[in-house]
Amino acid sequence: MIQALGASQGIAIGKAFVLPHWEWELPDQKIDVADLAKEFDRLYEGIRRSKTEINQMKTELDEVVGSEEASIFDAHLAILEDPVFMNEIQGIIQRQYKVAEVAVKEAIDHFVTMFDLLDDEYMKERALDIKDVGNRLLKHLLGAPDIALPEDTQPFVLVVRELSPSQLVHLKPDLVLGIVTMVGSPTSHSAIMARAFGIPMVMGVEGKLELTIGTGDLLIIDGGTGLLQVDPTPEMVSRYTEIRKRQLAAREQLLTIAEVPAVTQDGVSLTLAANISSLKELEAALNNGAEGVGLFRTEFLYMDRNQFPTEQEQFEVYRAVAEKLNGETLIVRTLDIGGDKQLDYYELPEEENPFLGFRAIRFSLERKDLFKTQLRAILRASQYGDVQIMYPLIASVEEVREANEVLAEAQRELVEEGVPHRSDVKAGIMIEVPAAVAIADLLADEVSFFSIGTNDLIQFTLAVDRMNEQISYLYEPYHPAILRMLRTVTNAAKASGIPVSVCGEIAGDVNALPIWLGLGIEELSLSAQAILPVKESMLRTKASDSRRLLEQMFRCKTAREVRRLAESFHAEAALAPGNAQPLL
């Protein structure tokens, strides 16, 4: 069994189909000066055909998984229009008298090598985009056919060194049982799309295989844990087949409580809202019984395109989400760009510690023109539902006041222009920085609500980069320091009479539920997949028991002790009389 990276949940069992690399035989010839114009014409025709093909794929994908996921191909179109990339190709043709396909190949190699040398996961993912676009252009210049997938109708597990969005979009989801890639990141475009399609995916297998996987080899993959087994024994196939059946059955059983109120056995309710970045994710969340949206990650409206979204474009999206919620709360987080989230069309400064650098509210307050455009769009959408605004990465009262000044200016402009909007839109903040915890009582006087962003709060408090494999074991949500920070923020919010919610990965951990119930948290904001498991756990739990457990947790001196208490509590609740099945 090989331990890799889980990128898209689910178990797949089936025969492998190994997708070969793009391999081109390029002409070894030079051109005359008189043929330069002809070569440029060939290049431009190849670009035109590539754009047409990409737009067609974008349209096809939009019909399957929604416009937000399909917008991945806007980045591919942007590369074909990027002056730096195109100037590199044109320069090779003009200065070295090389044919267009050779110039394209050399330009691809140049940029891919440059990006791969950077210790930046985002830039490595962009290198794959350049390869994908460049190979598409090469295909048209050479008149080469697409690499064909199996012609029979037998489902298969796709195995490939790296999978581009262009390759993934041509797959028929009902024929692809799962995907294995040798390299890649769970944050890559192909991983995002695999999750949208619901295809189990395992990444980062390179260097861990004793033998090369061949087409026809039987594979088992677990996209949740990242496990891969090549040529499993019949006993192993039987075991994982049974696990898969149980997972599917459990999922079906959970769907029966989608419309059941999230209330503990002793009558305490907790709002289970959704984290979303697109309308597609909203659909999945609502199907799982989400009560509103506690975190709309708007940065995905800015990524994978060639320019900043206009006010109208943003307004249309925010309005569509608000209308779908039918009066349920929609909390829109303002742009949280920077760190691991970069823009192809806007060069952010190179930083030693980007997570601690020019990002989130810091970027917005520096570029108030872009910030105000977003706030105007949110305000305009507010008339279609209970729309609220949330500022990310707040560390001081000054930042809140400055952000609210921009909000007030946006409101004044809309009033002067006679543009409809609500004047009572609430503004809150994310508590993600230890400084914000320390002055939570001061911040509570300035805002309408708190949302504790646990992912950043944990890594900043413990000084642990959760993406760093060498020290990821130190990223411990159950650390006693984190418990105390949660208590500080919750107490400050209660003292000021404002609501407080929790988002981040630990919010979806069923073992952490007694912490939220014990603290008196009013809302959790979860991924669509986490809503039903947390709700099921709530139906088995008593808030009074959770409060007593939390008192014990605060007496613990290590994260291991806290975690052990949480896990034991969850296991005992599940096994208690009458709790064998979800309470309907």
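The values are calculated or read from the model by the stated rules, or taken from the named source; none is laboratory data. Nothing here was measured: the structure is a model prediction, and the numbers come from that model. Glycine also receives a Cβ, built like all others from the backbone with ideal geometry; neighbour counts cover every protein chain displayed.
Within the range 515-531, how many residues are touching a Lys or Arg at 6+ places or on another chain (Cβ under 8 Å) and over 22 Å from Phe460 (Cβ atoms)?
Qualifying residue count for the region: 3.
Check whether at least one residue in the range 242-264 is under 25 Å from Pro392 (Cα atoms) and either at pLDDT 90 or above or not in a helix (DSSP H, G or I) (or both), and report yes or no.
Step one: list which residues in the range 242-264 are under 25 Å from Pro392 (Cα atoms), which gives none.
Scanning the range 242-264 turns up no residue that is under 25 Å from Pro392 (Cα atoms) and either at pLDDT 90 or above or not in a helix (DSSP H, G or I) (or both).
When you go through (1) outside the structural domain of Asp386 (by TED's automatic domain parsing); (2) touching a Leu at 6+ places or on another chain (Cβ under 9 Å); (3) of a type outside the set (A, V, I, L, M) one by one for Pro480, which number turns out not to apply?
Only one criterion is unmet by Pro480, namely (2).
Which of the residues that make up the range 268-301 are closer than 14 Å to Asn326 by Cβ, in contact with a Lys or Arg (Cβ under 9 Å, 6 or more places away or on another chain) and hydrophobic (A, V, I, L, M, F, W, C)?
Result: Leu282, Leu286.
If I ask for residues that are loosely packed, with under 14 Cβ neighbours inside 10 Å and assigned by TED's automatic domain parsing to the domain that holds Ala273, which ones from the range 420-445 would you list?
Pro420, Ser423, Asp424
State all residues of the range 214-240 that are under 29 Å from the mean Cα position of the chain (by Cα) and part of a loop (DSSP other than H, G, I, E, B); if no residue qualifies, say none.
Within the range 214-240, Gly223, Gly224, Thr225, Gly226 qualify.
Is it the case that Asn326 is surrounded by fewer than 19 Cβ atoms within 10 Å (Cβ to Cβ) and at positive phi?
yes
For residues that are crowded, with 24+ Cβ neighbours inside 10 Å and modelled with pLDDT under 95, tally how many sit in the range 505-524.
1
Can you name every residue in the range 31-53 that is under 14 Å from Gly134 (Cβ atoms) and small (Gly, Ala, Ser)?
Answer for the range 31-53, where residues must be under 14 Å from Gly134 (Cβ atoms) and small (Gly, Ala, Ser): Gly46, Ser50.
Which number in (1) of a type in the set (Val, Ile, Thr); (2) farther than 30 Å from Glu316 by Cβ; (3) out of contact with any helix residue (DSSP H, G or I) (no Cβ under 6 Å at 6 or more places or on another chain) marks the one condition that Thr264 misses?
Result: Thr264 fails condition (3) only.
Could you say which residue among Arg380, Arg333, Arg319 is basic (Lys, Arg), assigned by TED's automatic domain parsing to the domain that holds Arg297, touching a His at 6+ places or on another chain (Cβ under 9 Å) and crowded, with 17+ Cβ neighbours inside 10 Å?
Details: Arg333 fails: touching a His at 6+ places or on another chain (Cβ under 9 Å); Arg319 fails: touching a His at 6+ places or on another chain (Cβ under 9 Å).
Of Arg380, Arg333, Arg319, the one residue that is basic (Lys, Arg), assigned by TED's automatic domain parsing to the domain that holds Arg297, touching a His at 6+ places or on another chain (Cβ under 9 Å) and crowded, with 17+ Cβ neighbours inside 10 Å is Arg380.
Within the range 350-377, which residues are at pLDDT below 95 and buried (at least 18 other Cβ atoms within 10 Å of the Cβ)?
Pro354, Arg359, Ala360, Phe363, listed by residue number.
I'd like to know if the range 229-245 contains one or more residues that are surrounded by 16 or more Cβ atoms within 10 Å (Cβ to Cβ) and in contact with a helix residue (DSSP H, G or I) (Cβ under 9 Å, 6 or more places away or on another chain).
Yes, some residue in the range 229-245 is surrounded by 16 or more Cβ atoms within 10 Å (Cβ to Cβ) and in contact with a helix residue (DSSP H, G or I) (Cβ under 9 Å, 6 or more places away or on another chain).
Go through (1) part of a helix (DSSP H, G or I); (2) at pLDDT 95 or above one by one and return the number of the condition Leu532 breaks.
(2)
From the list Ile192, Ile147, which one is out of contact with any Gly (no Cβ under 9 Å at 6 or more places or on another chain), farther than 25 Å from Leu282 by Cβ and at pLDDT below 80?
None of the others qualify; the one that does is Ile147.
Taking Asn287 and the conditions (1) at negative phi; (2) crowded, with 19+ Cβ neighbours inside 10 Å, which numbered condition does it fall short on, given that it satisfies the others?
Going through (1) at negative phi; (2) crowded, with 19+ Cβ neighbours inside 10 Å one by one, Asn287 breaks only (2).
Residue by residue, here is whether (1) at pLDDT 95 or above; (2) charged (D, E, K, R); (3) closer than 19 Å to Met390 by Cα; (4) not in a loop (DSSP other than H, G, I, E, B) holds:
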| residue | (1), (2), (3), (4) |
| --- | --- |
| Glu476 | no, yes, no, no |
| Met485 | yes, no, no, yes |
| Thr488 | yes, no, no, yes |
| Ala495 | yes, no, no, yes |
| Val502 | yes, no, yes, yes |
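Taking Arg547 as the residue in question, decide whether it is in a helix (DSSP H, G or I), in contact with a Phe, Trp or Tyr (Cβ under 7 Å, 6 or more places away or on another chain) and surrounded by fewer than 22 Cβ atoms within 10 Å (Cβ to Cβ).
It is false that Arg547 is in a helix (DSSP H, G or I), in contact with a Phe, Trp or Tyr (Cβ under 7 Å, 6 or more places away or on another chain) and surrounded by fewer than 22 Cβ atoms within 10 Å (Cβ to Cβ).
Can we say Arg466 is basic (Lys, Arg), surrounded by fewer than 23 Cβ atoms within 10 Å (Cβ to Cβ), modelled with pLDDT of 95 or more and on the phi < 0 side of the Ramachandran plot?
no
Taking Ser448 and the conditions (1) outside any helix (DSSP H, G or I); (2) surrounded by 19 or more Cβ atoms within 10 Å (Cβ to Cβ); (3) touching a residue at least 60 places away in the same chain (Cβ under 8 Å); (4) not acidic (Asp, Glu), which numbered condition does it fall short on, given that it satisfies the others?
Of (1) outside any helix (DSSP H, G or I); (2) surrounded by 19 or more Cβ atoms within 10 Å (Cβ to Cβ); (3) touching a residue at least 60 places away in the same chain (Cβ under 8 Å); (4) not acidic (Asp, Glu), only one is false for Ser448: (2).
Select from the range 29-52 the residues that are under 40 Å from the mean Cα position of the chain (by Cα) and under 10 Å from Ile93 (Cβ atoms) and write down the one among them that is surrounded by the most Cβ atoms within 10 Å (Cβ to Cβ).
Restricting to residues being under 40 Å from the mean Cα position of the chain (by Cα) and under 10 Å from Ile93 (Cβ atoms), the top hit is Leu43.
Quick one: Phe554 ticks every box in (1) at pLDDT 90 or above; (2) hydrophobic (A, V, I, L, M, F, W, C); (3) crowded, with 17+ Cβ neighbours inside 10 Å bar one, so which box is it?
All conditions pass for Phe554, except number (3).
Identify, please: which residue in the range 392-438 is assigned to a helix (DSSP H, G or I) and β-branched (Val, Ile, Thr) and is, among those, nearest to Val502 (Cα to Cα)?
Val437
Going by the structure shown, is Glu328 at pLDDT 95 or above, in contact with a Gly (Cβ under 8 Å, 6 or more places away or on another chain) and not aliphatic (A, V, I, L, M)? First the steps, then the outcome.
Working: at pLDDT 95 or above: yes; in contact with a Gly (Cβ under 8 Å, 6 or more places away or on another chain): yes; not aliphatic (A, V, I, L, M): yes.
Yes; evaluated as a whole, the condition is true for this residue.
Can you say whether Ala258 is over 23 Å from Cys503 (Cβ atoms), surrounded by fewer than 19 Cβ atoms within 10 Å (Cβ to Cβ) and among the small types (Gly, Ala, Ser), as far as the supplied structure shows?
Judged against the criteria, Ala258 is not a match.
Checking Thr373 against (1) in a helix (DSSP H, G or I); (2) within 25 Å of the chain's Cα centre (by Cα); (3) under 20 Å from Met485 (Cα atoms): exactly one of these is not met. Which one?
Every condition holds for Thr373 apart from (3).
Rundown of residues vs (1) under 15 Å from Arg333 (Cα atoms); (2) more than 28 Å from the chain's Cα centre (by Cα), yes/no style:
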{"position": "Gln388", "(1), (2)": "yes, no"}
{"position": "Ala395", "(1), (2)": "no, no"}
{"position": "Ser423", "(1), (2)": "no, yes"}
{"position": "Ala436", "(1), (2)": "no, no"}
{"position": "Leu443", "(1), (2)": "no, yes"}
{"position": "Ser448", "(1), (2)": "yes, no"}
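Name, by its number, the condition in (1) assigned by TED's automatic domain parsing to the domain that holds Leu513; (2) loosely packed, with under 14 Cβ neighbours inside 10 Å; (3) in a helix (DSSP H, G or I) that does not hold for Glu281.
Every condition holds for Glu281 apart from (2).
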